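Okay, structure first, notes after.
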Amino acid sequence: MSLTEIDRIHALLPHWVESSRQQCSYGKVASYIPELSKSPIGALGIHIIDASGHSVSAGDTEISFTMQSISKVFTLILALMDIGEEAVFDKVGMEPTGDNFNSMLKLELVQPGIPFNPLINAGAIAISSLIAGASSTEKSCRVLDFLRLLSNNDSLSYDLDVYRSESDTANLNRSMAYFLKDNGVLEGAVEDVLDVYFRHCSISVTCADLAQMALVLAHNGKNPLTGEQLIPRRYVQIAKTFMITCGMYNASGEFAIQVGLPAKSGVSGGILTLVPGRYGIGLVGPSLNRKGNSIAGVALLESLSREFDWSLF
Ligand code: DON
């Protein structure tokens, strides 16, 4: 009997996790959000799930971590579902920047002064202001409910220590948000918009939660386990395109060449990625490379993609 791909992944994954884990010592955990400096630098875990619900995991998959920038993919989708493409792209652009994720350089350099894309901090802050809801609390609840639905996990919640730590120290994001307000990009009170943003970045997940969310994107918005269409196909197409062009920030080109899959990273060390039509993948490795992506996580995805010929290109 020949082995299925998922059987082969199951056999190889523990070895690859251990060899990729060695990269952790070459990176650093994020410390500009003070609470994140407590993350376990040597951790690496991955969870892969297929359309029939078969899953494989290896490494430190029991740890919880905050979504950080990974949540930006889903706030973008929610804003698209709330107000449509035209209204969203009136406030954020569609282009990669080549700059760091927290750069505000181009906001002043390039007219009309809207963020280049929804996955950089400035763009995601603008998106937070577009989520429907009568108050920042209602907007935040809608984001959390949406992620609970996609992850099939009703107990998903905030890591309030990380939330407070970011909110108390976010001078750069705060200055960016006030700048955006002055440029006419932000709807509503700046501090309310920032609260929505800090809250969705602090949603606590496991690798399995990310893999479930990714599985829905891998199946064009449908949960293959229930058959329910949770996101319109067009909005998944938009989100996956941004994941390819901007999901790994100013390392997105390199990641497209080395791995070739839509992906989104966060400074907690999480990465959500997917093999279209097949797998949802969630991983965590808090030690980051110079571009802010999980150093061991990227190495592990390179090995997997090469071995199973997953690149889309
Ligand atoms: O706004 C921030 O800086 C964080 N809440 C999110 C940044 C992030 O995850 C960038 N990712 N690589």
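The values are calculated or read from the model by the stated rules, or taken from the named source; none is laboratory data. The structure displayed is predicted, hence computed values, not measured ones. Using ideal geometry, Cβ is built from the backbone for each residue, glycine included, and neighbour counts are taken over all protein chains shown. Please note that ligands, DNA and RNA were not included when accessible areas were found on the heavy atoms of the full protein model with its side chains. Shrake-Rupley method; radii C 1.70, N 1.55, O 1.52, S 1.80 Å.
Note that segment 69-201 presents 41 Å² accessible area per residue, ligands and nucleic acids not counted, probe 1.4 Å. Structural descriptor for segment 152-289: relative contact order 23 percent, calculated from alpha carbon pairs under 8 angstrom and at least 6 residues apart. Is segment 23-64 rounded, prolate or oblate when judged by the Cα gyration tensor, a ≥ b ≥ c being the square roots of its eigenvalues, rounded requiring a/c under 1.5 and prolate requiring a/b larger than b/c? Prolate shape, in that a/c is at least 1.5 and a/b is the bigger ratio.
Summary value for the chain: 28 percent relative contact order, contacts being C-alpha pairs under 8 angstrom separated by 6+ residues. Over segment 69-201, Cα pairs under 8 Å with separation of 6+ residues give a relative contact order of 30 percent. Size descriptor for segment 118-266, Kirkwood hydrodynamic radius: 16.4 Å (Cα pairs only, one decimal). Just checking the listed ones, Glu86, Glu302, Glu191: in the Gaussian network model of the chain with Cα springs under 10 Å, the one fluctuating most is Glu86. Note on segment 1-74: along the principal axes its Cα atoms extend 52, 31, 18 Å, ordered by decreasing extent. Tally Lys and Arg at +1 and Asp and Glu at -1 over the other residues with C-beta under 10 Å from the C-beta of Gly123: what net charge comes out? Within the 10 Å Cβ shell, the charges total +2. Rolling a 1.4 Å probe over the protein heavy atoms leaves Ser64 with an accessible area of roughly 80 Å². Any idea how many Lys pairs in the chain come in under 21 angstrom at the alpha carbon, given 8 or more places apart or on separate chains? The number of close lysine pairs in the chain is 24. Gyration tensor analysis over the Cα atoms of segment 69-201 returns equivalent ellipsoid semi-axes of 23, 17, 13 Å (largest first, whole Å). Every pair of different Cα atoms in the chain enters the Kirkwood calculation, which places the hydrodynamic radius at 19.1 Å. Averaging the inverse of every distinct alpha carbon separation and then flipping it gives the Kirkwood radius. What is it for segment 180-262, in angstrom units? Over segment 180-262, the inverse of the mean reciprocal pair distance is 15.2 Å. Here the simple spin-label model places points 7 Å from the Cα toward Cβ, and for Phe313 and Thr226 these points are separated by 3.6 nm.
Only Cα sites of segment 191-313 enter the Debye sum here, all with the same form factor; the resulting log10 I(q)/I(0) across q = 0.11 1/Å is -0.36, listed in q order. Stretching Glu187 away from Gln258 to a fully extended chain increases their span by 21.7 nm, per 0.36 nm per residue minus the current alpha-carbon distance. Per-residue SASA remark: Cys24, around 10 Å² accessible (1.4 Å probe; ligands, DNA and RNA not included). The listed residues Trp310, Trp16, once ranked by accessible area (1.4 Å probe) with the largest placed first, stand as Trp16, Trp310. With a 1.4 Å probe rolled over the protein heavy atoms of all chains, the accessible area of His200, His219, His15 falls in the order His15, His219, His200, largest first.
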